[in-house]
Amino acid sequence: MSKKVLIIQHSSGVRPAYVTEFFLEHGIPFEILPIYEPDREEDFPDYQTNAYSAIVSLGGPQGTYEDEQYPYLKWEKSFLAAQLALQTPILGLCLGAQLLADVIGGHGHLGKYGYEIGYVQYKLTEEGKQDLILSKLFEAQQDKPLLIMHHQDSFDLPSNATILAYTSNKYIAAYRFGSAYAVQFHPEASFTEFDEWVQRTRTKRPEAYKNLDIDEILHQAKINESEAKKSRQLFFQTWWNMISKS
């Protein structure tokens with residue numbers, strides 16, 4: 001039997017979305033671990049397991065610095081550290097990228113430049129221009145891939161991590177370290193998921209968007225959905241091809 005991909009989910013409000021769609025389309029077995037659910041500790045895999053072909057750590061509303069409030073994040077950091085040592089391919093998305101930053105000696109924290117929402121401009125580093133995934137995305141979409149953001153937290157990285165891209169708002173957008181590939185954006189999210197996040201934030205924390213034209217951001221996300229789908233498909237296809245060859 002083929003090994004499965006483990007998808008770590010941190011919130012019912014941040015679903016795997018295109019992650020599972022991609023795996024289903026390509027016949028890739030996977031399992032989802034909703035670690036935020038009560039009494040799921042018995043389902044947490046052993047740190048040293050070699051049962052997974054890859055691990056995808058999704059986003060979520062938690063902060064990496066809130067692991068006293070959400071103790072399952074402590075388990076996840078230890079698990080990711082052990083799997084990095086075993087060279088298991090890991091993909092960190094948003095919170096997942098922030099957790100990986102903590103694991104490798106960096107530091108997740110509240111972002112210094114405020115909320116970053118919607119489609120933003122990206123600038124590749126010299127290393128990013130040689131990166132198999134991002135270089136392909138930028139070439140295919142005329143240097144403007146549509147990879148959606150919805151975050152306030154960010155992270156610092158140790159000097160031995162390879163930063164691949166920044167956003168125009170000065171946030172680190174992507175990096176790699178060993179067998180881990182981490183992005184602050186949400187390559188799994190369609191307009192449907194993005195709109196849900198925005199409406200939920202509007203209801204629970206209306207002050208969060210006070211300096212943003214959120215209606216225009218939503219409009220741009222909606223009208224660019226067909227091109228954004230191409231970005232999602234190309235991102236995951238290229239990532240999967242890359243780890244399958246390694």
Here the longest stretch of the chain that holds no trypsin sites (Lys or Arg not before Pro) in a DSSP loop having at most 16 other beta carbon atoms within 10 Å is 41-111
Between the residues TYR65, GLN233, SER53, the Cα farthest towards the positive end of the dipole of the chain, that dipole coming from +1 and -1 charges on the beta-carbon of Lys, Arg, Asp and Glu, is from GLN233
Scalar couplings 3J(HN,Hα) for the range 16-31 by Karplus 6.51 cos²θ - 1.76 cosθ + 1.60 (θ = phi - 60°), nearest whole Hz, x for Gly and Pro, are x, 6, 5, 4, 6, 4, 4, 5, 5, 4, 9, x, 9, x, 8, 9
Once normalised by the length of the chain, the mean sequence separation of its alpha carbon contacts under 8 Å that are 6 or more apart gives a contact order in percent of 19 percent
Checking PRO71, PRO29, PRO145 against a Gaussian network model of the chain (alpha-carbon springs below 10 Å), the top fluctuating residue turns out to be PRO71
The answer for the chain, accessible area per residue at 1.4 Å probe in Å², is 47 Å²
On the formula 1/(1 + (r/R0)^6), with r taken between the Cβ atoms of GLN121 and GLU31 and R0 of 30 Å, the FRET efficiency rounded to 0.05 is 0.25
Carbon/sulfur accessible area of the chain, % of total, 1.4 Å probe, equals 48 percent
Karplus-derived 3J(HN,Hα) from phi for the range 37-45 (6.51 cos²θ - 1.76 cosθ + 1.60, θ = phi - 60°), whole Hz, x at Gly and Pro, runs 6, x, 6, 9, 4, 5, 8, 5, x
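The values are calculated or read from the model by the stated rules, or taken from the named source; none is laboratory data. Since the model is a prediction, treat every value here as computed from it, not as a measurement. Every residue, glycine among them, receives a Cβ derived from its backbone with ideal geometry; neighbour counts consider all protein chains shown. These area figures cover heavy atoms from the full protein model, side chains too; ligands, DNA and RNA do not enter into them. Shrake-Rupley method; radii C 1.70, N 1.55, O 1.52, S 1.80 Å.
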